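Chemist: Mind looking over this structure? Questions follow.
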Amino acid sequence: METDNRPFWQRKRLSQMNPAEWESLCDGCAKCCLQKIVDEADDEQEVFYTELACDLLDLGTCRCGDYAHRQARVPTCVWLKPEDLDEFHWLPATCAYRRLAEGRDLPDWHPLKTGRPESAREAGFSVTGRARHVAGLDEADWPEHIADWPLEESP
């Protein structure tokens, strides 16, 4: 009997992963924790990321300050689930969930490949030093805060 020694993300579809495997795909970049603007007038509904971070985001570690209760505390919080794979187009091209949904492998700097949770930050693919908290900002003012730093990998 032959054993498949490839890592789980290369052997399984996203829909086949157990909760621990699913959660481990997060690289800790925190880009999904940024406020986003969707161009509703555009047929493609282009997504623009702002530099504005969720209040629960720890800007130093790029981790949620209350992950277990995030949906209760922030009703608009993103919750990625396997049944929503068709909607992953809005995620940055660097995101493991989107990459795997598109049939691509994880990037070399991904924590599952490096064995180090800080590798996304060290490689420059996180919001560390780029995002900020702004209390009380009206949503109409978000366009002034569209991120001008790269959200994608270099070609």
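The values are calculated or read from the model by the stated rules, or taken from the named source; none is laboratory data. Being a predicted model, the structure only gives us computed values, none of them experimental. As a convention, Cβ positions derive from the backbone with ideal geometry for all residues, glycine included, and neighbour counts pool all protein chains shown.
Chemist: Quick check, is residue 102 without any contact (Cβ under 8 Å) to a residue 60 or more places away in the chain and farther than 17 Å from residue 28 by Cα?
Modeler: For residue 102, the condition - without any contact (Cβ under 8 Å) to a residue 60 or more places away in the chain and farther than 17 Å from residue 28 by Cα - is met.
Chemist: Kindly indicate which of 59, 151, 85, 80 is at pLDDT 90 or above and not charged (D, E, K, R).
Modeler: When all the criteria are applied, what remains is 59.
Chemist: Can I ask one more? Output the residues belonging to the range 78-93 that are under 23 Å from residue 55 (Cα atoms) and in a loop (DSSP other than H, G, I, E, B).
Modeler: Residues satisfying the conditions are 78, 79, 80, 81, 91, 92.
Chemist: With the condition being under 23 Å from residue 39 (Cα atoms), I'd like the helices (runs of 4 or more DSSP H) fully within the range 94-155 carrying at least 2 qualifying residues.
Modeler: Passing ranges, in order: 96-101.
Chemist: Scan the range 49-74 for residues that are free of Cβ contacts under 8 Å to residues at least 40 places away in the same chain, surrounded by fewer than 17 Cβ atoms within 10 Å (Cβ to Cβ) and assigned to a loop (DSSP other than H, G, I, E, B) and jot them down.
Modeler: 61, 65, 66, 74
For every residue, the table says whether it meets (1) in contact (Cβ under 8 Å) with a residue 24 or more places away in the chain; (2) farther than 21 Å from residue 23 by Cβ.
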site: 76; (1), (2): no, no
site: 106; (1), (2): yes, no
site: 121; (1), (2): yes, no
site: 144; (1), (2): no, yes
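Chemist: Just the residues that are among the acidic types (Asp, Glu) and within 19 Å of residue 119 (Cα to Cα), please, taken from the range 11-60.
Modeler: Within the range 11-60, 21, 23, 27, 58 qualify.
Chemist: Could I ask something else about it? Pick out the one residue from 84, 108 that is exposed (fewer than 15 other Cβ atoms within 10 Å of the Cβ) and either touching a Ser or Thr at 6+ places or on another chain (Cβ under 6 Å) or closer than 24 Å to residue 149 by Cβ (or both).
Modeler: 108
Chemist: Can you confirm whether residue 126 is hydroxyl-bearing (Ser, Thr, Tyr), surrounded by 12 or more Cβ atoms within 10 Å (Cβ to Cβ) and in contact with a Pro (Cβ under 6 Å, 6 or more places away or on another chain)?
Modeler: No; evaluated as a whole, the condition is false for this residue.
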